[in-house]
Amino acid sequence: MMTGDAVNRVLAAYQAIADEARARREQFEKSPLPKIHIGMATCGIASGALETQAAFEAALADRGIEALIHTVGCVGHCYAEPVVIIDHPDSGFPPIFYPEVTPGKAKMLVKLFLEEGDPRFEHVMGATVENEMIPSVMEFARFNREKRVIMERCGRIDPDQIHEYIAEGGYGALTTALCRKPETVIDEIEAAGLRGRGGAGFPTARKWRAARAASGSDKMIVCNADEGDPGAYMDRTLLESNPHQVIEGMIIAALAVGAARGLFYVRAEYPLAVRILTTAVEQARELGFLGTDILGSGLDFDIDLFQGSGAFVCGEETALIRSVEGYRGMPRHRPPYPVEQGIDGRPTVINNVKTLATIPPIVEKGADWFRAIGTAGSPGTAVFSVVGNVTHPGLVEIPMGVTLRDLIFDICGGIPDKKRFKAVQIGGPSGGCLSADFLDTPVDFDALTRAGAMMGSGGMVVMDEDVCMVDVSRYFLDFTQKESCGKCTFCRIGTRHLLDILRRLTRGEGREGDLEQLETLSRAVKQGSLCGLGKTAPNPVLTSLAYFRDEYEAHFKEGRCPSCACRALTAFFIDLDKCARGCDACVGCCPVEAVFTTSNRKKGIDQQLCVKCGECVVACPPDYDAVEKVSPAALVPIIERPPEKNKAES
Amino acid sequence: MEHSLTAEDQAHLEILQTQIKSSPKGRGQLIPLLQMAQKALGYLPDDALSLVADHLSVTRSEVYGVASFYNQFRFNPPGKNPVKVCMGTACHVRGGEIILENFERKLEIREGETTEDREFSIERVACVGCCALAPVALMGEILHGHMAPSKVEGLVLQVRLEKEKAQREAAK
Ligand SMILES: Cc1cc2nc3c(=O)[nH]c(=O)nc-3n(C[C@H](O)[C@H](O)[C@H](O)COP(=O)(O)O)c2cc1C
Ligand code: SF4
Ligand code: SF4
Ligand code: FES
Ligand code: FES
C-alpha cells in the first residue's frame, strides 16, 4: 500500500499520459479527412491486406485525395478478410464495414465513394454504428450475439500505437491497482470468480494467492502464449491486435503477487506476434508502465520475451519451465507447483494470454460486473476460434453459457454447401468430438467436461458429413504421438499403438478386437501418464468411439468409410450418364493425368493412377456434377482406357 | 544426409561467432542461442552446435539433445523457397494432406527434405493461424490460403520460371 503522496504521484503521472493520448486520438478522430481502417493481423495479411493497403495508397495518390490510413488488428471476422472500414464524414454516411476488399475494390471505392460519395451498397456489409441510412452490422447474429471483454478493442486500435490503447482507458486499471493493496486486487479477482483460460479453468486468484504466500523474493510471472493446439489462434491474434491489454494484465498480476520479472513465452512460429509484442513492451517502458519505479509508485517490474521452439508439450507449465531453463521440455511431477518452485527455483505464476487480458477489465469495472456475464460456475466470456466446415469462421467471443448450437448455427452461420453437421471438436488434441446430440450443451468449463470434451484454450473445429471420425482420431493421435516427450512409457508406446490401430482401420485392415483394444489402451494411457498431454491424448478416440461407433464398425467390418474420406477405402469415378460430352474441365485439373477420354468422348478415371485428391469433383461444373465417390473402393465401376491411350502410356 | 557448408554458410558462421561471443552465458541462453544460429544460417550445422556448446561450456551432444527435442530446429539446409504446409486441424479437415502430397509429387522430395538444387524444401507445420483460409501453405514468407492441387503446380512453376528468367538475364 502506498502513502497518500505516492498515490497522488501515480494518479498525476497517469493523468498526464492519458491526457496526451486522448488529445492525439481526438485529433485523429475529429479530422475531417476520410479514414480507412484496414485489418492487418496474420489472416488479413494472408488474404492480401498489404496489397489492399498499397492499392488504397496508390489510388489516393493518383486522384489526389487526402485520407488517413489506419492499420488495425483482427476484428474476428476472418471469413471476410481483407476487412476494411471506411469512415467518410463528408459523404454523410456513417462508418461502413466492407468485407473482402481486394485491390480492385479498393481502387473502385476510392473513386466512387471517397471521390463521388457513392458507398456502393452492393459491397457493403453494414454500418458500424446504428443510423438511419444503412442497416448496421449489429443486425447480424455474428455481431450482436458476441460479448466482448477480452477482444473489445481488437480490430479498432492500432496495436503499434500505445496511445490508442491509453486513449480508450488503457492502463487505467493498472493505475487503480497500484493505489490498492495487493491483497485487495487478489480479492477482487477472487470475487469475480475468474478461471484460467489456458484450458483447465483453475481459479486465478488461488494461484496468485499461493504465489504471494510463497517465500522467495525473485518471483516471476509468465504469460503462456505457446498456443500448441494445432487449429486454434486466439492467443496469437490477441497479441497481434491488442498486446497492451495483456501486458497491463501481467503488470497487475506482478504487483498482486510481488513479482519483479515477467516473461512472455511466445511460439517462434508467430513472428508477427513477437514483433508487435516487442514494440509494445518498449512503448510501455518508455511511458513508465514498465521498468523501475512504475509511474512513481516505487514498484519495479520488467518483461522479457522468450520464443518457444514448437513443442506442444511445452504448453504444459512444468515443461515450459524446463525449456526456459535451457533443457528438453519434459514435464515433471507436481508438487512442487510452479507457484512454489518455478523457473530456476523461483516462485512462478503461469497464466494464459486470455486470462491476463481479462484482468484489466475486472479491475476497472469490478467483480460484480464480471459475474453478471456468463454462468455461475464459469463467469465471463470465452474466446473461440471457430473453424472448419462453417460459413463464418473466425474469432468469436461469447458469454459463457451460450449453447453450441447458437454458436455454430446462429453466430457462425452453420454448415456451408447445404451439408449436414456431423461433429464439433473442442479443446484440440486434448479435447473431444461431440455429436449433434450435444448441440444444446452450454459452453462453459463444467458442462463441456461433463460431455467428454473440454474447454481447452478455445479451439473449435466444426465438421460436416464429409469428415470421417476415425480419420480425425487418427489425425489427433498422429499429432500427440509425435509430440509425446517420451518420459512415460504409456504415453510414448501407448499412443503409438493407438495410432497403429487407427491407421489400420482407416486402411480397412482392422483386426478382430481392435475396437476393444482402442478402449482399454486409451484408459491405460490416461492412467499411466504423468502430464496432461498423455492424460488427455486418448480423448478424441474415446469420444468418437462413444458417439460415432457405427463409423468405426463400418471401417472395421466392411472396409467402408461412410464419409468417403479415408482414401484407401474410397474411389472416384465419373458417372457416364451425367458427364457432358466434350467438357474437359476435369482433365486439366488432375495432377496425375488420371482422367482420360472414353471412346464415346465422355471421361473416365484410371483407377491405377488416381491419387484421390478430389480436384475433379471441384472442377466438374455444378450443372453436370458427374464425379462420384464410392466406398469401399471395390464397388467402383471400372471403365477401361481406350486402347490407343494405353499405348501412349507404355 | 551430410551437407557441406557453402561459402555463404561459412560467412554466416563467422558473423554468428561474433554474435555468440558477445551474448551472456548461462544455461538459460541455450535455446535463444540456437534460435540465433538458425536465424543466421537457416539450419544448425555441426559447427554451429559446437559454437553454442563451447560458449555455454556444455557438450555438443547435450546441445544436440536439446535442439533435436524441438520442432523448430532443423539440421539440414532449407531450400531457397521453403514450402511449409499447414497440417493443423482445420487444414486437415479441408484436405491439407492432399496439398502436402502434391508438393511432394511435384518437387520429387518428401516432407523434411530439400531438393538437390537447394531450390525447394518441404516441411509440415501446425496451424499458422489463418484457419479461416484453410488449407494453407507458406512459400517462403508468403502465405497462400484456399490451396488446391492446381495452385501447387502454379506456385512451383512460377518460382521455376522466375529462376529461368533470372538466369537468362544473367547470361546476357
Ligand atoms: C500438453 C499441454 C499443453 C498445454 N498448452 C497450453 C497452451 O498452449 N497455452 C496455455 O495457456 N496453456 C496450456 N496448457 C495449460 C498450462 O499447463 C497451464 O495450465 C496454463 O497455462 C495456466 O494458465 P491459466 O491458469 O491462465 O489457464 C497446456 C497443458 C498441457 C498439459
Ligand atoms: S504424459 Fe507424455 S508428454 Fe506428458 S510427461 Fe509423460 S511422456 Fe511426456
Ligand atoms: S480425384 Fe484427383 S487424382 Fe483422381 S481423377 Fe480426380 S483429379 Fe485426378
Ligand atoms: S485475422 Fe483478420 S479478421 Fe481475423
Ligand atoms: S489449421 Fe491450418 S492455419 Fe490453422
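The values are calculated or read from the model by the stated rules, or taken from the named source; none is laboratory data. Everything numeric here is computed off the predicted structure, so don't read it as measured data. For neighbour counting, all protein chains shown are included, and Cβ atoms are generated from backbone atoms with ideal geometry for every residue, glycine included. With ligands, DNA and RNA removed, areas are computed over all heavy atoms of the protein, side chains included. Shrake-Rupley method; radii C 1.70, N 1.55, O 1.52, S 1.80 Å.
Within straight cross-link reach of B:LYS21, meaning Cα distance under 23 Å, which lysines are found once same-chain residues fewer than 8 apart are removed?
List returned: B:LYS39.
Taking the solvent-accessible surface of protein heavy atoms with a 1.4 Å probe, what is the per residue accessible area of region B:85-157 in Å²? All intermediate terms of the calculation are to be shown ahead of the outcome.
Working: 2720 Å² over 73 residues.
Accessible area per residue, region B:85-157: 37 Å².
Put A:HIS333, A:HIS70 in order of accessible area, largest first, 1.4 Å probe: what do you get? Show your work: numbers first, answer last.
Details: A:HIS333 130, A:HIS70 10 Å².
Solvent-accessible surface, decreasing: A:HIS333, A:HIS70.
How much accessible area per residue does region A:1-71 have, in Å², with a 1.4 Å probe?
Numbers: 3660 Å² over 71 residues.
On a per-residue basis, 52 Å².
Using per-residue counts of other Cβ atoms within 10 Å, averaged over each peptide, order B:158-171, B:71-84, A:77-90 from highest down. Walk me through the numbers on the way to the answer.
Details: B:158-171: 10.6, B:71-84: 19.4, A:77-90: 23.1.
Going by the mean number of other Cβ atoms within 10 Å, highest first, we get A:77-90, B:71-84, B:158-171.
Just the number, please: Stokes-Einstein D of region A:200-257 in µm²/s, Kirkwood Rh from C-alpha pairs, 37 °C, 0.692 mPa s. Walk me through the intermediate numbers first.
Working: Rh = 13.1 Å.
In µm²/s, the coefficient is 250.
What's the total accessible area buried between chains A and B, using a 1.4 Å probe, rounded to the nearest 100 Å²?
Working: alone 26410 and 10340 Å², together 33180 Å².
Roughly 3600 Å² of accessible surface disappears when A and B pair.
Antiparallel as a % of all DSSP beta bridges within the protein assembly as shown, to the nearest 5?
Here the antiparallel bridges make up roughly 55 percent for the protein assembly as shown.
Hey, can you rank A:471-477, B:12-18, A:104-110 by average C-beta count inside 10 Å, highest first?
Numbers: A:471-477: 26.3, B:12-18: 15.0, A:104-110: 19.7.
Going by the mean number of other Cβ atoms within 10 Å, highest first, we get A:471-477, A:104-110, B:12-18.
Once the Cα atoms of helix A:469-483 and of chain A are each reduced to a long axis, what angle between those two axes, in degrees from 0 to 90 to the nearest 10, is obtained?
Its long axis makes an angle of about 50 degrees.
Antiparallel DSSP bridges in chain B: what percent, to the nearest 5? Kindly include the intermediate steps, with their values, before the conclusion.
Details: 7 of 13 bridges.
Taking every DSSP beta bridge with both residues in chain B, the antiparallel ones total about 55 percent.
Sorted from largest down, what three extents in whole angstroms do the Cα atoms of region A:570-649 have along their principal axes?
31, 28, 23 Å, listed from the longest principal axis down.
Among the listed pairs A:LYS418/A:LYS612; B:LYS80/B:LYS106; A:LYS482/A:LYS535, which are separated by more than 18 Å between their Cα atoms?
A:LYS418/A:LYS612
Residues of region A:320-347 losing 10 Å² or more of accessible area relative to the isolated chain, 1.4 Å probe, heavy atoms only?
By number: A:SER323, A:VAL324, A:GLU325, A:GLY326, A:TYR327, A:ARG328, A:GLY329.
Considering region A:384-456, what Rg and Dmax in Å follow from its alpha-carbon atoms?
For region A:384-456, the Cα-based Rg and Dmax read 11.3, 33 Å.
In Å and from the alpha-carbon atoms only, list the Rg and Dmax of region B:7-69.
According to the Cα coordinates of region B:7-69, Rg and Dmax are 10.5, 31 Å.
Name the residues of region A:28-63, by number, that are at least 50 Å² less accessible with every protein chain in place than in the isolated chain; the surface is that of heavy atoms, probe 1.4 Å, without ligands or nucleic acids.
Buried by 50 Å² or more upon assembly, which counts only protein chains, are A:ALA46.
Along each of the three principal axes of the Cα atoms of region A:65-112, give the extent in whole Å, ordering the values from largest to smallest.
29, 21, 17
Test of understanding: express the Cα radius of gyration of chain A as a ratio to 2.2 N^0.38 Å, with N the residue count. Intermediate results must be reported in sequence, preceding the final value.
Values: Rg = 27.6 Å, N = 650, 2.2 N^0.38 = 25.8 Å.
In units of the 2.2 N^0.38 Å rule of thumb, it is 1.07.
List, in order, the whole-Hz ³J(HN,Hα) value for each residue of region A:133-138 obtained from phi through the Karplus relation with A = 6.51, B = -1.76, C = 1.60 and θ = phi - 60°; use x for Gly and Pro.
9, 10, x, 8, 5, 5
Which shape class applies to region A:315-423: rounded if a/c is under 1.5, otherwise prolate when a/b exceeds b/c and oblate if not, where a ≥ b ≥ c are the square roots of the Cα gyration tensor eigenvalues? Before the final figure, lay out each step's value.
Working: a/c = 3.19, a/b = 1.61, b/c = 1.99.
Here region A:315-423 falls in the oblate category.
So for region B:81-172, what are the equivalent ellipsoid semi-axes in whole Å, largest first, each being the square root of 5 times an eigenvalue of the Cα gyration tensor? If you can, show how the numbers build up before the last one.
Values: eigenvalues 128, 34, 23 Å².
For region B:81-172, the semi-axes come out at 25, 13, 11 Å.
In whole angstrom, note down how far apart the Cα centers of region B:59-127 and region A:176-222 are.
Going from one Cα centre to the other spans 41 Å.
Share of Cα-Cα pairs in region A:469-558 beyond 14 Å, in percent? Show your work: numbers first, answer last.
Working: 2293 of 4005 pairs.
The proportion of pairs with Cα distances above 14 Å equals 57 percent.
May I ask you to give the solvent-accessible area per residue for region A:381-464, in square angstrom, as obtained with a 1.4 angstrom probe?
Working: 2270 Å² over 84 residues.
That works out to 27 Å² for each residue.
Have a look at B:VAL66, B:LEU161, B:HIS92 and report the one farthest towards the positive end of the charge dipole of chain B, computed about the Cα centre with Cβ charges (Lys/Arg +1, Asp/Glu -1).
Highest projection toward the positive end goes to B:HIS92.
Below 8 Å between Cα atoms, with a sequence gap of 6+, how large is the relative contact order for chain B in percent?
Working: 217 pairs, mean separation 30.4, N = 172.
Across chain B, relative contact order equals 18 percent.
Round to a whole angstrom and tell me the spacing of the C-alpha centers of region A:391-450 and region A:460-532.
Using only Cα atoms to place each centre, the spacing works out to 23 Å.
Express the relative contact order of chain A as a whole percentage, based on alpha carbon pairs under 8 Å and six or more residues apart in sequence. Intermediate results must be reported in sequence, preceding the final value.
On the way: 1341 pairs, mean separation 70.8, N = 650.
It comes to 11 percent, rounded to a whole number.
In degrees from 0 to 90, rounded to the nearest 10, what is the angle of the helix A:4-30 Cα long axis to the longest principal axis of chain A?
Value to nearest ten degrees: 50.
On the accessible surface of chain A, probed at 1.4 Å, how many percent belong to carbon and sulfur atoms? Walk me through the intermediate numbers first.
On the way: 12410 of 24690 Å².
It is 50 percent, rounded to a whole number.
Where does each of A:ILE574, A:ILE639 land when they are ordered by accessible area, with a 1.4 Å probe and the largest first? Each step should come with its number before you reach the end.
Working: A:ILE574 5, A:ILE639 40 Å².
The most accessible residue leads, giving A:ILE639, A:ILE574.
Expressed in nm², what is the orientationally averaged projection area of the convex hull enclosing the Cα positions of region A:350-405?
Dividing the Cα hull surface by four gives the mean projection, 5.0 nm².
Which whole-number value in Å³ per residue fits the convex hull of the alpha carbons of region A:31-139? Working shown, then result.
Numbers: hull volume 9.9 nm³, N = 109.
Dividing the Cα hull volume of region A:31-139 by its residue count gives 91 Å³.
Roughly how many percent of the accessible protein surface of region B:81-171 is carbon and sulfur, given a 1.4 Å probe and a whole-percent answer? It would help to have the intermediate numbers written out before the result.
Numbers: 2010 of 4150 Å².
Roughly 48 percent of what the probe reaches on region B:81-171 is carbon or sulfur.
Need one number: convex hull volume per residue for chain B, Cα atoms only, in Å³.
On the way: hull volume 22.8 nm³, N = 172.
Each residue corresponds to 133 Å³ of Cα convex hull volume.
Can you tell me the 0 to 90 degree angle between the C-alpha axis of helix A:243-257 and the longest principal axis of chain A, rounded to 10?
Once rounded, the angle reads 60 degrees.
Which of the aspartates and glutamates could be linked to A:LYS578 by a straight reach, that is with a Cα gap under 16 Å, when you skip same-chain ones fewer than 8 residues away?
Leaving aside aspartates and glutamates fewer than 8 places away in the same chain, those within reach of A:LYS578 are A:ASP623, A:ASP625, A:GLU628.
Can you list residues from other chains, or at least 5 along the same chain, whose modelled amide H is less than 5 Å from the amide H of A:GLY432?
So A:GLY432 has HN proximity to A:ILE426, A:MET454.
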